[in-house]
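Rule-based calculations on the coordinates, nothing more; no lab input. Keep in mind the model is a prediction, meaning the values are calculated, not measured. Don't worry about glycine lacking a Cβ; one is built from the backbone with ideal geometry, like all the others, and counts go over all protein chains shown.
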Amino acid sequence: MNSKTTSNHMAVFSSLVVLSLCAVGVTFLHLSVVGNNLAIFGVAVVMAGLVLFQYMNLKSESSVIYWLTIIPMVLFAILVFLFIPDVCHFSIDFLRGVF
């Protein structure tokens, strides 16, 4: 490894540490539950992008790899949004039974 690669790895690692602390710090901002979750997931997406591009060397791959990554993520997002009404309905009924 040359010095440029080592410095890039250290910069990305430092960024990941700072972003992890930011994700923990978001919980102290007293946001709504939805806002809190969106902020934490946003930080997690940025962290995942850093790991993918730096440590998995996706920055030097062709565009086919990007499409093979983007299509399943879009399908997963659609699946998650389709289950949101069921999860919300179940959690509301569960909380009414508890309280």
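Okay, here's what the table says:
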read-out	value
Spin-label pair N57/L31, simplified geometry with 7 Å Cα→Cβ offset, distance in nm	3.6
V74 versus F13: modelled label distance in nm, points set 7 Å from Cα along the beta carbon direction	3.7
Burial order of peptide ranges 7-13, 72-78 (average beta-carbon count within 10 Å, highest first)	7-13, 72-78
